[in-house]
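Chemist: Could you have a look at this structure, given as structure tokens, before my questions?
The values are calculated or read from the model by the stated rules, or taken from the named source; none is laboratory data. Note that the structure is a prediction, hence the values are computed from the model and not measured. Here Cβ is always computed from backbone atoms with ideal geometry, including for glycine, and neighbour counts include all displayed protein chains.
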Amino acid sequence: MAGLCAECNAAIAQKITGGLEWGIPNLSFRRWCAARYGDDYWQRIKYIPRLLWAEYLDWYGKVLDLPIQNDTDIQDIVWNEKEQCFWLHACYQGLVSLYKARFVVLATGMECAGGKNIPSIIQENLPSHCYHHTMDAIDFSAFAGQRIMVIGGWGELLLITPCCC
């Protein structure tokens, strides 16, 4: 199960998460995090905070000069056998385009995984101010020094605040 920390937004995964470095250790999250925030910070965290992961991905894209384009609606993905690549039919800022790619990574986020889901047992038995979803804007400093309950796994967590337990 992923966790939460008081000084940052919801965590996404244990800090041993890897794979983006393609065998180049200096591209790893661990090396980036320790270089940017110090080895003490790296040793202290148990999970990767979501916003820190986003910051790392931004850095990764800049260092590798990747052509990253956000807010693009992919309308269709087709494998073109002749060219041995995917054709992505997309719409960006109202313009329809065709992109070609050998690899496609779908990083759809929580909205595309069914969106915010709060179990009915929580909705029916607790006032809405007593629980928060990772998709909510949460003031984590309000929970400093308190014990809280976290329900869920990976990127989707539900936080139950002490005022209602």
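Chemist: Restricting attention to segment 50-81, which residues are outside the structural domain of Arg102 (by TED's automatic domain parsing), touching a strand residue (DSSP E or B) at 6+ places or on another chain (Cβ under 9 Å) and among the aromatic types (Phe, Trp, Tyr)?
Modeler: Trp53, Tyr56
Chemist: Consider Ala137 carefully, then state whether it is under 30 Å from Asp73 (Cα atoms), at pLDDT 75 or above and not aromatic (Phe, Trp, Tyr). Give the derivation first.
Modeler: Numbers: under 30 Å from Asp73 (Cα atoms): yes; at pLDDT 75 or above: yes; not aromatic (Phe, Trp, Tyr): yes.
Yes: the conditions hold for Ala137.
Chemist: Val150 fails exactly one of the following numbered conditions: (1) in a loop (DSSP other than H, G, I, E, B); (2) modelled with pLDDT under 75. What is the number of that condition?
Modeler: Against the list (1) in a loop (DSSP other than H, G, I, E, B); (2) modelled with pLDDT under 75, Val150 comes up short only on (1).
Chemist: Here's a follow-up. Could you give me the residue pairs with C-beta distances under 8 Å whose first residue belongs to segment 66-77 and is closer than 12 Å to Tyr99 by Cα, whose second residue is modelled with pLDDT under 85 and in a loop (DSSP other than H, G, I, E, B) wherever it lies, and which are 6+ apart or on separate chains?
Modeler: Close Cβ pairs satisfying both conditions: Ile77/Val104.
Chemist: Give just the number: which of (1) surrounded by fewer than 12 Cβ atoms within 10 Å (Cβ to Cβ); (2) modelled with pLDDT of 80 or more; (3) not polar (S, T, N, Q) does Pro162 not satisfy?
Modeler: Condition not satisfied by Pro162: (2).
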